[in-house]
Amino acid sequence: MRCAVYDALAPSGIKLTTLAAPTGSSAKTFYRRGAILCDVVAAGVNPVDAKYLVGDKVPESWMGWAARRVDGSTPCFDFSGVVVDAPKGSGYEAGDEVYGFAADPASVLRGPMKGSLAERVRAPVDQICRKPKSLSHVEAAALPLVGTTALQAFQQHGLAAGHSVLVVGASGGVGHAAVQVAKARGARVVGVCSSRNVDFVAGLGADVVLDYAAGDVFDAIKQEAPFDIIFDCVSSADARDSGAGYHAKLEGAVAAGGSYVVFGGATKDWLKAGLKRVARVNLFGSMELFWIKMPFAASALEALAALADKGELKVKVQAVLPFTDAGCREAFDTLRGRRTVGKLVVDVAGTHEAT
């Protein structure tokens, strides 16, 4: 089968190759998670994929090491496709349209990861669900990571109807999903984005949209405070974000008992996030880094599918790229440029006209 792999020596660190296709599904046992064999129609590409699976979990100076560490792994988690073979008792059968996460991130610790930029995958049963009927395969492939991140983070931080939520970076992948999920849960949403994306974010349902380049955006934000949850989709350990200073300037905008949540941070913050997940020990102070949990995410995917089918969640796909060397490289290069509105999707099956 055709698939993409990380290659530290290739342009943009990725190339297409041919490998043996996975065969057969596997049933769940007491020591093994079940898996379903699927033909991939479309694969969503996220910033973590373009950053060699580690994102900003290691210093930028380590990116060369990260690229070599994942050599031979197939990138990407998000996919939408069609079941080829399913184990008995899984609830799926050949021909079912599904979407979700093609691989467990931890699998890279055991050998090359088998991600979704491939014509066929063996996806863990607890990481998929039936594709939303209202979405195309391309749209569904854009949803898993950003939608699950937003939903799980809101659940963890107790989002409730009537809460006030600030989304910084509201036009990006996680940001545009967060605006819609929060609105569907009955929250008041204030979004921050660039001037060219104000109308887009307003169309997602945000009650107030602020242009970060129009005057003193921090003063404008404080006029809308306090917020029960601040969803900061911009701040990270990337040197390009060091001048934003959102947390330092907005810490006082969080309501008593509220949360300031970020999705990128220094290595020490990822260690804290891992400790919280594994041992339930919270060492964070006024700002907390959220780490998505893909294993057993089927319930989150089902909830997102229900929102989509009710018309409360739409996915913005900036571009659909061909499943070629050039298409995969363009996806990585675009994400590294950090000016994506919504998501990028690769048309693995070749059934969609590339844009």
Practice item. With a 1.4 Å probe and every protein chain left in place, work out the accessible area per residue of the chain in Å², rounded to a whole number. Key: 42
Exercise for review: Calculate the spin-label point distance for residue 224 paired with residue 312, positioning each point 7 Å from the Cα along the beta-carbon direction, and give it in nanometres.
Suggested key: 2.1
**Study point:** Over the range 63-166, equivalent-ellipsoid semi-axes from the Cα gyration tensor in Å
**Key:** 25, 22, 13
Practice item. Enumerate the aspartates and glutamates that residue 314 could reach by cross-link, defined here as Cα to Cα under 13 Å, with residues fewer than 8 away along the same chain left out. Key: 139
Point to revise | Relative contact order %, the chain, counting alpha carbon pairs below 8 Å whose residues are six or more apart | key: 20
Revision key, fill the gap. In the range 294-323, the trypsin sites (Lys or Arg not before Pro) that sit in a DSSP loop and have at most 15 other Cβ atoms within 10 Å of their own Cβ are 310
Check your understanding: To the nearest 10 Å², what's residue 212's accessible area with a 1.4 Å probe?
Key -> 110
Point to revise | trypsin sites (Lys or Arg not before Pro) restricted to the range 207-304 and DSSP loop, no more than 12 other C-beta within 10 Å | key: 280
Point to revise | Percent of C-alpha pairs per 10 Å bin, the range 247-298, short to long | key: 22, 48, 26, 4
Practice item. Place a +1 charge on the Cβ of each Lys and Arg in the chain and a -1 charge on the Cβ of each Asp and Glu, then give the dipole magnitude about the Cα centre in debye, rounded to the nearest 20. Key: 920
Revision key, fill the gap. Hydrodynamic calc, the range 83-144: Kirkwood Rh from Cα pairs, then Stokes-Einstein at 20 °C with viscosity 1.002 mPa s, so D in µm² s⁻¹ is 170
Study note, to complete from the structure: In terms of the charge dipole of the chain, which places +1 on Lys and Arg and -1 on Asp and Glu at the beta carbon, the residue among 212, 344, 40 farthest towards the positive end is 40
Exercise for review: Assign unit charges at the C-beta atoms only (+1 for Lys and Arg, -1 for Asp and Glu), then state the dipole size of the range 110-173 relative to its Cα centre in Debye, rounded to the nearest 20.
Suggested key: 300
Practice item. Would you kindly give the portion of the calculated P(r) for the chain that falls above 39 Å, as a percent of all Cα pairs? Key: 11
Study note, to complete from the structure: The set of residues whose placed amide H lies less than 5 Å from the amide H of residue 317, leaving out same-chain residues fewer than 5 positions away, is 343
Point to revise | Top positive-direction residue, dipole computed over the range 145-289 with Cβ charges, set 153, 195, 282 | key: 282
Check your understanding: For the range 108-165 and the range 246-290, what is the separation of their Cα centres, given in Å?
Key -> 22
Check your understanding: Rounded to a whole number, what % of the accessible area of the chain do carbon and sulfur atoms account for, probe 1.4 Å?
Key -> 54
**Study point:** Kirkwood hydrodynamic radius of the range 199-351, Cα pairs, Å
**Key:** 18.5
**Study point:** Length added when fully stretched, residue 71-residue 217, from 0.36 nm per residue minus Cα-Cα
**Key:** 48.3 nm
Check your understanding: Can you pull the Kirkwood radius for the range 280-335, inverse mean 1/r over Cα pairs, to one decimal in Å?
Key -> 15.3
**Study point:** Sparsely packed trypsin sites (Lys or Arg not before Pro) within the range 43-126, loop by DSSP, other Cβ within 10 Å at most 16
**Key:** 88, 110
Study note, to complete from the structure: Which of 15/293; 133/272; 276/310; 28/268 exceed 30 Å between C-alpha atoms? The answer is 133/272; 276/310; 28/268
Check your understanding: Remind me, relative contact order of the range 145-289 in percent, using alpha carbon pairs under 8 angstrom and six or more residues apart?
Key -> 19
Revision key, fill the gap. Treating every alpha carbon of the range 145-289 as one equal point scatterer without solvent, the Debye formula yields log10 I(q)/I(0) values at q = 0.20 Å⁻¹ of -1.29
Point to revise | the range 206-296 - Kirkwood radius from inverse mean 1/r over Cα pairs (Å) | key: 14.4
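The values are calculated or read from the model by the stated rules, or taken from the named source; none is laboratory data. Remember, it's a predicted structure, so these values are computed and weren't measured experimentally. A quick note on method: Cβ atoms are made from the backbone with ideal geometry, for glycine too, and the neighbour counts reach across all protein chains shown. Only protein heavy atoms, including side chains, enter the accessible area calculation; ligands, DNA and RNA are left aside. Shrake-Rupley method; radii C 1.70, N 1.55, O 1.52, S 1.80 Å.
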